[in-house]
C-alpha cells in the first residue's frame, strides 16, 4: 500500500498574500484517502489475524510433518516444504502490519527493512514454487516415462537457482528504498500564524527519489506483475491445461481421473482468484500514473480501495497452499496421522515415566498434552 503525503508551506516573505486581503485562494486540495481510518483499523487487522492463525497452523503442520520424516523426501515433499517455509515467512510479519494499520509503525528501521525483504521473498518464491510444482506434475503425468531424472534435478538443485536466488535478488530495492519516516498532515504556514491539523504517524514504506518517483514505481510494479504473476501464471495455466487434456483421454480409472481433474481445476482457480484482482488493480493504477487512463478523484479513490482490499485478500494464498498442495494428498494425510500418533505416543511414554518417578505435577502433564495436540 502506498501513501502520499503532501505538505504545502507558504513562504513568510512571499508577496502573494496581501495583508488585510481576504481574496486568497487555496490551492486545489489533493484527493482524499480512499479508505477511512476506521476501515483500516478494523478490516486489515482482522484479515491479517485470520491469515496469521490459519497460516501458522497449516504451514507449521506441514513443516513439522516433513521434519519427522526420516526417509529421503521425494520431489513432491520437497516442494511442499519449500512452499510452507515461504508462506511462514510472510505470515510471521502480518502482526507487524496489523499493528501498523491500527496505530503506527513502532518497530524501527531494521525491522521495517526486514519485513519488506520477507514480503518480497515470499511474494516471488511462493508463486515461482507453484510454477515448479505445476511443471513437476506435468512431467510426472504427461512425460512419465523418462522424467524421473529431470524431476529430481528440478526439485533438488534447479529450485534454488530458479526460485530462491531470483527472490533474493529482487529484494535489493527493499534494502535500498525501504525505511521508516515520520509524516504529518498538510500544514499551512502564514506570515503571522500557522494552521496545523493534528495528524502525525510513523510509516514503513519504500521511499523513492522525488524527481524519479513515478519512474521507479512503474518499473517495480511492472516487475511485480511480470515476475510475480504473468510468467508463473502462464506456466501454471499451460501445464495444468495439458494435464487436463491428458487425464480426459481414455476410459481407465475414471474415478481417480475425475478427482485429479477436479483438484487441478481448483489449483488453477485459486491461484488466479488470489492474485488476478490485485494485479489488475496495480496495473490500472500504473496506467493512471502514466496518464494513459484519464484520472478523476472518484476513480483514484476506487482504485486505491480496490488495491488495499485485494492485496490483503491475496495473502490468503498462505492459508490455501497447505490445503491444496499437502492436505489433499492421501500420502501426506497418512504421514501426518502417523507423525501425530508417534508424537502422542512419545508424549504418553514420557508422562508415564515422570509419573512413576513422581517428578511431574498434573499441571505440567496437562500442558504437555495440550502442546502435543496443538502441534
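Miscellaneous remarks
- Residues that are surrounded by 12 or more Cβ atoms within 10 Å (Cβ to Cβ), modelled with pLDDT of 90 or more and either in contact with a strand residue (DSSP E or B) (Cβ under 8 Å, 6 or more places away or on another chain) or not in a strand (DSSP E or B) (or both) do not occur anywhere in region 247-254.
- Within region 226-246, the set of residues being under 17 Å from the mean Cα position of the chain (by Cα) and surrounded by 18 or more Cβ atoms within 10 Å (Cβ to Cβ) comprises 228, 229, 232, 233.
- Flag if residue 103 is in contact (Cβ under 8 Å) with a residue 12 or more places away in the chain and exposed (fewer than 15 other Cβ atoms within 10 Å of the Cβ): yes
- The residue list 275, 306 contains one member that is at pLDDT 90 or above, in a helix (DSSP H, G or I) and under 20 Å from residue 85 (Cβ atoms), which is 275.
- For residue 217, the test of being in a helix (DSSP H, G or I) and in contact with a strand residue (DSSP E or B) (Cβ under 9 Å, 6 or more places away or on another chain) is passed.
- Of the set (1) surrounded by fewer than 19 Cβ atoms within 10 Å (Cβ to Cβ); (2) within 26 Å of residue 63 (Cα to Cα); (3) in contact with a helix residue (DSSP H, G or I) (Cβ under 7 Å, 6 or more places away or on another chain), all apply to residue 91 but (1).
- Screening the candidates 222, 272, 316 for the property of being closer than 25 Å to residue 172 by Cα, under 20 Å from the mean Cα position of the chain (by Cα) and touching a residue at least 12 places away in the same chain (Cβ under 8 Å) yields one hit, 222.
- Within region 280-307, the residues that satisfy the criterion of being buried (at least 20 other Cβ atoms within 10 Å of the Cβ) and within 30 Å of residue 59 (Cβ to Cβ) are 281, 282, 307.
- For region 266-279, the set of residues classified as surrounded by fewer than 19 Cβ atoms within 10 Å (Cβ to Cβ) and over 16 Å from residue 228 (Cα atoms) consists of 266, 269, listed by residue number.
- Boolean, residue 123 is out of contact with any strand residue (DSSP E or B) (no Cβ under 9 Å at 6 or more places or on another chain), buried (at least 19 other Cβ atoms within 10 Å of the Cβ) and modelled with pLDDT of 90 or more: no
- Note on region 65-105: residues that are farther than 20 Å from residue 151 by Cα, assigned to a helix (DSSP H, G or I) and modelled with pLDDT of 85 or more amount to 16.
- Residue in region 167-175 that is in contact (Cβ under 8 Å) with a residue 12 or more places away in the chain, within 30 Å of residue 106 (Cα to Cα), out of contact with any strand residue (DSSP E or B) (no Cβ under 6 Å at 6 or more places or on another chain) and exposed (fewer than 14 other Cβ atoms within 10 Å of the Cβ) present: yes
The values are calculated or read from the model by the stated rules, or taken from the named source; none is laboratory data. Fair warning: this is a prediction, and the values are worked out from it, not measured in the lab. Quick reminder, even Gly has a Cβ in these numbers, built from the backbone with ideal geometry, and neighbours come from all protein chains shown.
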